[in-house]
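Okay, structure first, notes after.
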Amino acid sequence: MKNIILILALVFASSIIAQNKPKFEKEGNLVKGTFFHDNGQIQQQGFYKNGKLHGEWVSYNAEGKKLAMAQYEDGIKTGKWFMWNKGVLTEVDYDANVIASVVEWSAKNTVVTSE
């Protein structure tokens, strides 16, 4: 459980120390934020609503492969989050910012892939 929380923190906090300047675009009542790796590939992309994380956020490695998908509602972690790491998909279910359940899917019983 601690490893999952650490991975989440590293994946979503890494955008803070990114060298490349983030890009922000207004889309309706939301602001789309795009953060980049040093090589120019997208590192993380998602939306803000009233200055808070909102909706789907997706993180990628420097080669463009999806690492994680997360859901926020007005800054609160919610719904299913997915993290891909070495052939294992970890599904974390959030309820009002609290981890409700964690399921790991191995490559032999994969239901969702990162492609």
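Values quoted throughout were computed directly from the atomic coordinates according to the rules given, and no laboratory measurement underlies them. Please read these numbers as outputs of a predicted model, since none were measured by experiment.
Is the stretch 22-115 best put as rounded, prolate or oblate by its Cα gyration tensor, with a ≥ b ≥ c the root eigenvalues, rounded for a/c under 1.5, and otherwise prolate when a/b is larger than b/c, oblate when not? Oblate.
Sequentially through the stretch 58-67, phi angles give Karplus couplings (6.51, -1.76, 1.60; θ = phi - 60°) of 10, 10, 10, 7, 5, 8, x, 7, 5, 9 Hz, Gly and Pro residues having no value and appearing as x. Distant-in-sequence amide contacts of Glu73, defined by a placed amide H-H separation under 5 Å and a gap of 5 or more residues or a different chain, comprise Gly55, Thr78.
Computed from backbone phi, the HN-Hα couplings of the stretch 79-96 come to x, 8, 10, 10, 10, 9, 8, 6, x, 10, 9, 9, 10, 10, 9, 9, 9, 6 Hz, rounded to whole numbers (Karplus: 6.51 cos²θ - 1.76 cosθ + 1.60, θ = phi - 60°; Gly and Pro given as x). Using θ = phi - 60° in the Karplus curve 6.51 cos²θ - 1.76 cosθ + 1.60, the 3J(HN,Hα) couplings for the stretch 40-46 round to x, 5, 5, 9, 7, 8, x Hz; x is entered for Gly and Pro.
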